[in-house]
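J.: Pasting in a structure now, in structure tokens, and then I'll have a few things to ask.
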Amino acid sequence: MSQAYRESLWLFTVTQTLHLVAVSVFIGGILIVDLRLVGRRAVGESHAAIARSAQRVLFWAGPAVLITGIPQFTSNALRYYASPVFALKMSVLAMALLFTATLRRRVVTADNDRLPAWVPRAVGTVSLVLWMSVAIAGRWIGFSE
């Protein structure tokens, strides 16, 4: 499979395009909830209502990112394995996933009035920094050869 990706101009290009679309949709789903947490956009809606809407997007975009990312990794696995930027991306990705599945999820599903105002803002800010760091590190991999 990795050889087919390296030898085919179109196979890698199509997979990478689909990966970038899936990443954009995934980050968009994260972004809309995080912006609400920090106090931007859709102020009339609760965190939980926006999160429920975004959950459907994340449910489909997350696996699409994974399904399109694995073939790209296998096409140059040794280069990625040796890349400190790839290691950084994977480390920040692990932190972002853990943060999103634990603390962010608890804050998003909590009643808006039960938490001090600074908690959703802090959680949204940390989430934004983590996910944007994943995206920046992913883009940086192409320049770190």
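Bear in mind that the values in this text are calculations on the coordinates, not laboratory data. These numbers were taken from a predicted model, which means no experiment stands behind them. All Cβ positions, glycine included, derive from the backbone under ideal geometry; neighbour counts span all protein chains shown.
J.: Using only Cα atoms, tell me the angle between helix 84-99 and the longest principal axis of the chain; keep it within 0 to 90° and round to the nearest 10.
T.: In the chain, helix 84-99 runs at an angle near 30 degrees to the longest axis.
J.: What shape does the chain take by its C-alpha gyration tensor, where a ≥ b ≥ c are the square roots of the eigenvalues and a/c under 1.5 counts as rounded, a/b above b/c as prolate, and the rest as oblate? Can you show the working numbers first?
T.: Details: a/c = 3.05, a/b = 2.09, b/c = 1.46.
Prolate.
J.: Using only Cα atoms, tell me the angle between helix 9-37 and the longest principal axis of the chain; keep it within 0 to 90° and round to the nearest 10.
T.: Helix 9-37 and the main axis of the chain meet at about 10 degrees.
J.: If the convex hull of the alpha-carbon atoms of the range 57-113 is projected onto planes in all directions, what is the mean projected area in square nanometres? It would help to have the intermediate numbers written out before the result.
T.: On the way: hull surface 19.6 nm².
Convex hull of Cα atoms, orientation-averaged projection: 4.9 nm².
J.: Another question about this same structure. Within the range 52-81, name every residue whose backbone N is under 20 Å away from a label modeled 7 Å from Cα of VAL119 along the Cβ vector.
T.: Counting backbone N atoms under 20 Å from the label point, the list is 52.
J.: Arrange the peptides 80-90, 119-129 so that the one whose residues have, on average, the most other Cβ atoms within 10 Å appears first.
T.: Details: 80-90: 15.4, 119-129: 17.8.
Peptide ranking by packing, descending: 119-129, 80-90.
J.: Contact order normalised by length for the chain, with contacts defined as Cα pairs under 8 Å and 6 or more residues apart; what percent is it?
T.: With pairs under 8 Å counted, the relative contact order is 33 percent.
J.: Obtain the nm distance between the two label points defined at ILE70 and LEU103 by a simple spin-label model: each point lies 7 Å from its Cα along the Cα-to-C-beta direction.
T.: For ILE70 paired with LEU103, the spin-label model returns 3.1 nm.
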